[in-house]
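Taking it in order: structure first as structure tokens, then the write-up.
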Amino acid sequence: MSNFVKILNQIHFIMAGNRTFTMIKPHAVADNHIGGITAMIEAAGFRIVAMKKTQLSAAQAGKFYEVHKERPFYGELCEMMSSGPIVPMILEKDNAVADFRALIGATNPANAEEGTIRKKYAKSMGENAIHGSDSDENAAIEGAFFFASIEQY
Ligand code: ADP
């Protein structure tokens with residue numbers, strides 16, 4: 001996708017407002033938890049605006065997680081995220097980014113609260129079931145990484 005089209009997609013995402021980006025990680029897809037996780041997301045009041053099943057190459061995972069490239073777990077993270085299919089989604093709700101971070105719970109499942117997606121489905125710090133954007137700006141960049149504006153309804 002050209003940079004121009006990427007920027008148009010980010011603008012579309014920002015204009016829509018109240019959106020966040022998520023993806024169900026490979027281990028949770030492999031363990032048949034797509035239905036369980038999307039049920040929790042919808043029950044918490046999020047509307048699924050875009051969704052697909054796809055698989056990242058190691059290079060694409062590296063690009064997506066580029067902000068973490070100096071962290072010691074970067075190699076492991078890229079390998080894990082490209083190890084099987086994932087389910088990326090764009091979600092809509094008032095206060096989407098913060099409310100979704102609360103719904104997924106802490107990065108380390110040992111610290112995740114009862115009722116959160118990670119408490120129920122995460123296996124470890126790395127295999128923690130689901131991603132959630134940490135800001136409106138990153139939600140726009142990450143949403144545009146996977147979806148064109150024509151795929152967002
Ligand atoms: P979050 O996904 O909760 O925003 P981070 O942005 O800090 O967490 O990290 C991104 C992802 O990298 C995490 O969801 C997790 O899969 C992985 N990760 C973070 N810390 C570690 C670690 N210490 N060891 C292995 N993987 C990690």
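Some points to look at:
- Under Karplus coefficients 6.51, -1.76 and 1.60, residue-wise ³J(HN,Hα) of region 21-31 in Hz, glycine/proline x: 10, 9, 9, 7, 6, x, 5, 6, 5, 4, 8
- When only alpha carbons are used to place a centre, region 88-153 and region 1-70 end up 8 Å from one another.
- Membrane-span-like helices in the chain, defined purely by DSSP H runs whose alpha carbon atoms cover 15 Å or more axially and whose average Kyte-Doolittle hydropathy reaches -0.5, are 3-16, 136-146.
- Lysines with Cα under 24 Å of LYS69, excluding same-chain neighbours fewer than 8 positions away: LYS6, LYS25, LYS123
- Cα gyration tensor, the chain - rounded (a/c under 1.5), prolate or oblate: oblate
- Computed helical MRE - 222 nm, the chain, DSSP H runs ≥ 4 contributing -39500 (n - 2.57), nearest 500: -12500 deg cm²/dmol
Laboratory data are not the source of any read-out in this text; all were calculated from the coordinates shown. If you're wondering where the values come from, they're calculated on a predicted model, not measured in any experiment.
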